[in-house]
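Structure first, commentary second.
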Amino acid sequence: FISYAHVDNEDSWVSQFVAKLNGALAIRNGGKPFSIFFDSRRIQANSVLEDMLSAARNSKLFLAVGSRAYVNNDHFTVKELVAFND
């Protein structure tokens, strides 16, 4: 589960990082891709939020792309982190 503040991906660096990470993991896994939850959609109020929390709760690994925006109380990212820890 890749958790990040969407504002931090405006120049697509997080998307590029995830693509490279996925490729590197597949190589190390004998060519088999990993299932990485990376939501690139802009989240609107009450849209798929529970699905994202469920995905965080059910993930084996959690990668938080930390930034000031990530820890802003108004962002959903902190809720993702709490859901994973639960």
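The values are calculated or read from the model by the stated rules, or taken from the named source; none is laboratory data. Everything numeric in this text was worked out from a predicted model, so none of it was measured. With ideal geometry, Cβ positions are generated from the backbone for all residues, glycine too; neighbour counts draw on all protein chains shown. SASA here: full protein model, heavy atoms, side chains in, ligands and nucleic acids out. Shrake-Rupley method; radii C 1.70, N 1.55, O 1.52, S 1.80 Å.
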Debye log10 I(q)/I(0) for the chain, one point scatterer per Cα, at q = 0.17, 0.23, 0.24 Å⁻¹: -0.72, -1.21, -1.29
Carbon plus sulfur fraction of accessible area for the chain, probe 1.4 Å, in percent: 53
Heavy-atom accessible area per residue - the chain, 1.4 Å, Å²: 69
Reach of LYS20 by Cα under 20 Å, taken over lysines that are not fewer than 8 positions away in the same chain: LYS32, LYS60
Net lengthening on full extension, LEU63/PHE34 (0.36 nm per residue, minus Cα-Cα): 9.0 nm
Per-peptide average of other Cβ atoms within 10 Å, ordering 26-34, 13-21 highest first: 13-21, 26-34
